[in-house]
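To keep things clear, I will list the structure first and then write my remarks on it.
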Amino acid sequence: MTEQPRSVDMTSLKFGIGQPVSRKEDPVLVTGQGRYTDDLSMPGQAWAAVLRSPVAHGEIRELDTAPALALPGVLAVYTAADVAEAGYGAIKCGLPLKNRDGSPLFAPPRPLLATGRVRFLGEPVAVVIAETEALAADAVEAIGLEIDPLPAITAIDEALSDSAPLLHDDHSNTCLDWACGDAAAAERAFAEAAHVTRLRLENGRLAVAPMEPRAVLGLWDADRGRHVLHAGCQGAFGLRAGLAGLLKVPPEQVHVLVGNVGGSFGMKAGAYPEYILVLHAAKALGRPVKWRDTRSESFLSDLGGRATVIDGALALDAEGRFLAVRVHHKANMGAWLSAMGPAMPSVNMQKNLPGPYATPVIDIRTTCVFTNTGPIGPYRGAGRPEANYVMERLIDQAVRETGHDPIAIRRRNLIQPVAMPYAAPSGLTYDSGDFPTLLEAAVARSDWDGFAGRKAGSEAAGRLRGRGIACYLEATAPPGKEMGGIRFEADGRVSLVTGTLDYGQGHASAFAQVMVQRLGIPFELMDLVQGDSDQLLVGGGTGGSRSIMASGKALLAAADEVERKGKLLAGQMLEAAPADIVFESGGFRIAGTDRFVGLMDLAAWLRETRQGGAALPDDLPDSLDAALSDDSPPMAFPNGCHVCEVEIDPETGSLRIDRYAAVDDFGTVINPLLAEGQVHGGIVQGIGQCLTERMVYDGDGQLLSGSFMDYALPRAEDVPRFDIGFHAVPATSNPLGAKGCGEAGVSGALPTVMAAVNDALASRGAGPIDMPATPDRIWAALNGSARR
């Protein structure tokens, strides 16, 4: 078992681990003082605008930039020829995935600007640089672009048909045919099963739609010979590496700076073509260049989410025990592969499909296909919600088909605490968890037994009421490298430096709480440094619900170094041997005496000593600062149980979520207030996918839901009050015992909300239906069943 962190010897810490501390950044953000990328401007900056393909598929017959260049105020127009001349790289997917026959993933490199052929609506074709944003936009309209259209395909099954046009020459539209599990054992289990349930489920394509669309400001630092990019992203260090690879320069020649980030959910993790084009223009023109996405463009140019179809099957014995689960996961990758696109329906499905259940056998096949749509990337959960969704939907369908009780069948199949550590058929080993207790706690919290009375009340009012319950477990991101830095500043404040990056999670408070607990540094004196690549040694960025585990462990390692240095310096100050110095209660004491110096007082003494010119012995450290690269801990397994109740008006199909309760196990909860907020946000995004959100294309590949007039995000009226509780079973894989919480809400919400919807429909003999459960779909299901 991993050793728990040494703590400050205080029985109660107002800002320590486990306290519901408000986010440090909130006063700044809610008063409009945040600094987002679009808030930045520089003297003499030019503006970029992108010419995007107006069709989903076609051959570029003519690209005439002369009319744009002739306009006053236009500084340059760059095309694929200019990119080729500059020698930049292409966006690549380097995942080491293999097909079932052992051949590698087919991953054609994506050019920064379309070369000869466009493959999705909105693909960048050229970029204009002008004195003002309006002039750049006008110049884009002046470019002569003629495209000979080709047939477009947007649906997975259409792309897999023998008659489908090929998106990439000399290769089928299938880029990955992957499998895992034990197909032979699954075949035997299905043959011997007392009952087999089958379902086809769709996870529609989603627009990420962050509060802040993508924006960048680039410049060329001629004095230092390097590119500088201000951008919103998920990790300054990782984005620097991606940009350097595309620019074909050493990473040291790229400087990334990140301010506040208005949401990302996975979409802003990597480099986009626009970023390189802006940096190219800034260097070529010798002036800063700014670009910002319009909301309409972001629907076309941002990485999309989900976009999969799943054929699932569950084998059960006569008592309802799960024997095997089989999934054929077909995933729409868009026209090009993003860095992580194929991983989500393959390895992430593998890791998460078994969930908290003792299902002995899994059998997964994944087919990833190209279509004439924008590339797909990670979106909150990145394959985890899809895996939990198919498992829970199969369980609910089995309940309907066999008559088993929905609680009893889950209770019977949940992994028991005594089985920990548990070797799952996914190949992962769960280190901790008490899944039955979470189930019982959620049942009690939701007032499960009171449902019958509430349902009778709904029926008396002419409405249908349904409830759903779902258990989930997800595997967080795998380990990597993370920085832990603690810096005692000249003004008496302390900077915490780490390579994760806050884009809404509240890192500044949570990381400070860890340091309050470990070193006793006053909460209000700590600042967080994450968004400057020059100050980072390494950094994995924020994604996969791992930040508190990775950065927390790295900061604890840095704290150990601060303590080591502090004992040496305290020995000098207190005139004692370092071996006699102990660290306790936020400072250093000569063991067995009352002679004590607080850590912050020691830092002040050291600062004053150095400023006064006094010399310290050569064998003493010259500061208390620590900066190191740390191996991140293994993945953890957040889990929980959610319960939802909905009410449906059968006359209109309109739906209202009436109640939502959840009990989650996030291990040690550093900050319950922040954790609950993360659960709220995840559930709301799950509700959006369940009830309102979907990107829709017509037969020519034109996007029919390309604005908030047509793409329906959930609103406040769609969201109930949440009743959230925690049942902590600390992880044994990291010193904080944390499990992560950022994406779990989605994994719980998707199956729970849809279970409630379909339970309500089943009371009228209708359904089941799939996401999104819009009023027209609900009404059609109810009326279709009436006609039958």
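Suppose the filter is closer than 25 Å to Arg410 by Cα, within 18 Å of the chain's Cα centre (by Cα) and small (Gly, Ala, Ser); does Gly667 pass it? Against the criterion (closer than 25 Å to Arg410 by Cα, within 18 Å of the chain's Cα centre (by Cα) and small (Gly, Ala, Ser)), Gly667 does not qualify. Does the range 360-383 contain any residue that is hydrophobic (A, V, I, L, M, F, W, C), closer than 25 Å to Pro772 by Cβ and free of Cβ contacts under 8 Å to residues at least 24 places away in the same chain? Within the range 360-383, none of the residues are hydrophobic (A, V, I, L, M, F, W, C), closer than 25 Å to Pro772 by Cβ and free of Cβ contacts under 8 Å to residues at least 24 places away in the same chain. Just one of the listed residues (Thr154, Thr115) is farther than 15 Å from Val369 by Cα and polar (S, T, N, Q), and it is Thr115. Can you tell me which residue within the range 177-214, out of those that are in a strand (DSSP E or B) and under 21 Å from Ala712 (Cβ atoms), is most open to solvent (accessible area, probe 1.4 Å)? My answer is Glu202. Could you say whether any residue in the range 749-758 is of a type outside the set (Lys, Arg), in a loop (DSSP other than H, G, I, E, B) and crowded, with 24+ Cβ neighbours inside 10 Å? The answer is no; no qualifying residue exists. Across the range 263-281, a minimum of one residue is classified as buried (at least 24 other Cβ atoms within 10 Å of the Cβ), of a type in the set (Val, Ile, Thr), farther than 30 Å from His404 by Cβ and touching a residue at least 60 places away in the same chain (Cβ under 8 Å). Counting only strands (runs of 3 or more DSSP E) that sit wholly inside the range 265-360, not one has at least 3 residues that are among the hydroxyl-bearing types (Ser, Thr, Tyr) and at pLDDT 95 or above.
Does Ala675 count as farther than 30 Å from Phe435 by Cα, in contact (Cβ under 8 Å) with a residue 12 or more places away in the chain and among the hydrophobic types (A, V, I, L, M, F, W, C)? The answer is no for Ala675.
Of all the criteria given as (1) more than 19 Å from Asp177 (Cα to Cα); (2) touching a strand residue (DSSP E or B) at 6+ places or on another chain (Cβ under 7 Å); (3) open to solvent by 20 Å² or more (accessible area, probe 1.4 Å), the one not satisfied by Arg321 is (2).
The residue that is nearest to Val729 (Cα to Cα), among those in the range 424-447 that are in a helix (DSSP H, G or I) and either without any contact (Cβ under 8 Å) to a residue 40 or more places away in the chain or open to solvent by 30 Å² or more (accessible area, probe 1.4 Å) (or both), is Thr437.
Condition check: surrounded by 17 or more Cβ atoms within 10 Å (Cβ to Cβ), assigned to a loop (DSSP other than H, G, I, E, B) and among the aliphatic types (A, V, I, L, M). Does Met771 satisfy that? Taking the combined requirement at face value, the residue satisfies it. If you check Leu167, Leu206, Leu176 for being under 28 Å from the mean Cα position of the chain (by Cα) and within 20 Å of Leu97 (Cβ to Cβ), only one passes: Leu176. Every test in (1) in contact with a Gly (Cβ under 9 Å, 6 or more places away or on another chain); (2) at pLDDT 95 or above; (3) surrounded by fewer than 20 Cβ atoms within 10 Å (Cβ to Cβ) is passed by Arg607 save one, and that test is (2). Under the condition of being of a type in the set (Ser, Thr, Tyr) and touching a strand residue (DSSP E or B) at 6+ places or on another chain (Cβ under 8 Å), the residues counted in the range 720-736 number 0.
Count of the range 692-743 residues, restricted to those that are among the hydrophobic types (A, V, I, L, M, F, W, C), assigned to a loop (DSSP other than H, G, I, E, B) and open to solvent by less than 20 Å² (accessible area, probe 1.4 Å), is 3.
Keeping to the range 40-63, report how many residues are closer than 28 Å to Trp220 by Cα and either open to solvent by less than 20 Å² (accessible area, probe 1.4 Å) or part of a strand (DSSP E or B) (or both). Steps first, please.
First, the residues of the range 40-63 that are closer than 28 Å to Trp220 by Cα: 40-52.
With the extra rule that they be either open to solvent by less than 20 Å² (accessible area, probe 1.4 Å) or part of a strand (DSSP E or B) (or both), the set shrinks to 46-52.
Selection size over the range 40-63: 7.
Residues that are of a type in the set (Asp, Glu) and part of a loop (DSSP other than H, G, I, E, B) within the range 109-148 comprise Glu123, Glu131, listed in sequence order.
Count of the range 482-529 residues, restricted to those that are in contact with a strand residue (DSSP E or B) (Cβ under 7 Å, 6 or more places away or on another chain), open to solvent by less than 10 Å² (accessible area, probe 1.4 Å) and under 19 Å from Phe588 (Cα atoms), is 4. Right, Val746: assigned to a loop (DSSP other than H, G, I, E, B), under 17 Å from Ala442 (Cα atoms) and either touching a residue at least 12 places away in the same chain (Cβ under 8 Å) or of a type outside the set (S, T, N, Q) (or both) or not? For Val746, the condition - assigned to a loop (DSSP other than H, G, I, E, B), under 17 Å from Ala442 (Cα atoms) and either touching a residue at least 12 places away in the same chain (Cβ under 8 Å) or of a type outside the set (S, T, N, Q) (or both) - is not met.
The values are calculated or read from the model by the stated rules, or taken from the named source; none is laboratory data. Treat the numbers as computed from the prediction; the structure is a model and nothing was measured. Glycine also receives a Cβ, built like all others from the backbone with ideal geometry; neighbour counts cover every protein chain displayed. These area figures cover heavy atoms from the full protein model, side chains too; ligands, DNA and RNA do not enter into them. Shrake-Rupley method; radii C 1.70, N 1.55, O 1.52, S 1.80 Å.
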